[in-house]
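All of the numbers you see were taken from the coordinates with simple rules; none came from a lab. Keep in mind that this is a model prediction, so the values were computed, not measured. For neighbour counting, all protein chains shown are included, and Cβ atoms are generated from backbone atoms with ideal geometry for every residue, glycine included.
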Amino acid sequence: MVFDCSRGVMVLFGGIDRDGSPRGLLFPASLVQVGGFIYVTNLALDLRGFGLAQTLDSQWAAQVTQHTIARIRARIPPVPGLCGSDDHGREGKEACRGH
């Protein structure tokens, strides 16, 4: 388990299962929010196959035969000062007036 304090992200990776799928997020790549969920592609790319140096996840990525996309419930707090929320707890159109 890795916790990145600068981004407030906890990433959990538990190896490769017997079907060749990553358990958890091997290398979280692109994210997209749809409704109340965030979908995260789980990149498994062994760069050694392109003649590049081995990376920290190369040996794990080489074992992946089933690729996954994670669906995580979105719990994104408002950020004061950004359109979508303000310092007074207003959200949506109310906070975006004047932007």
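Give the number of residues within region 22-46 that are aliphatic (A, V, I, L, M) and closer than 17 Å to VAL64 by Cβ.
Going through region 22-46 one residue at a time, the tally reaches 7.
Can you go through ALA61, ALA70 and tell me which one is in contact (Cβ under 8 Å) with a residue 40 or more places away in the chain and within 17 Å of ASP19 (Cα to Cα)?
After ruling out the rest, the residue left standing is ALA70.
What are the residues in region 56-71 that are within 19 Å of the chain's Cα centre (by Cα) and surrounded by 13 or more Cβ atoms within 10 Å (Cβ to Cβ), if any?
ASP57, SER58, TRP60, ALA61, VAL64, HIS67, THR68, ALA70
Out of LEU26, LEU45, LEU31, I need the residue that is surrounded by 14 or more Cβ atoms within 10 Å (Cβ to Cβ), of a type in the set (A, V, I, L, M, F, W, C) and out of contact with any Asp or Glu (no Cβ under 8 Å at 6 or more places or on another chain). Which one?
Details: LEU26 fails: out of contact with any Asp or Glu (no Cβ under 8 Å at 6 or more places or on another chain); LEU31 fails: surrounded by 14 or more Cβ atoms within 10 Å (Cβ to Cβ).
Being surrounded by 14 or more Cβ atoms within 10 Å (Cβ to Cβ), of a type in the set (A, V, I, L, M, F, W, C) and out of contact with any Asp or Glu (no Cβ under 8 Å at 6 or more places or on another chain) holds for just one of LEU26, LEU45, LEU31, which is LEU45.
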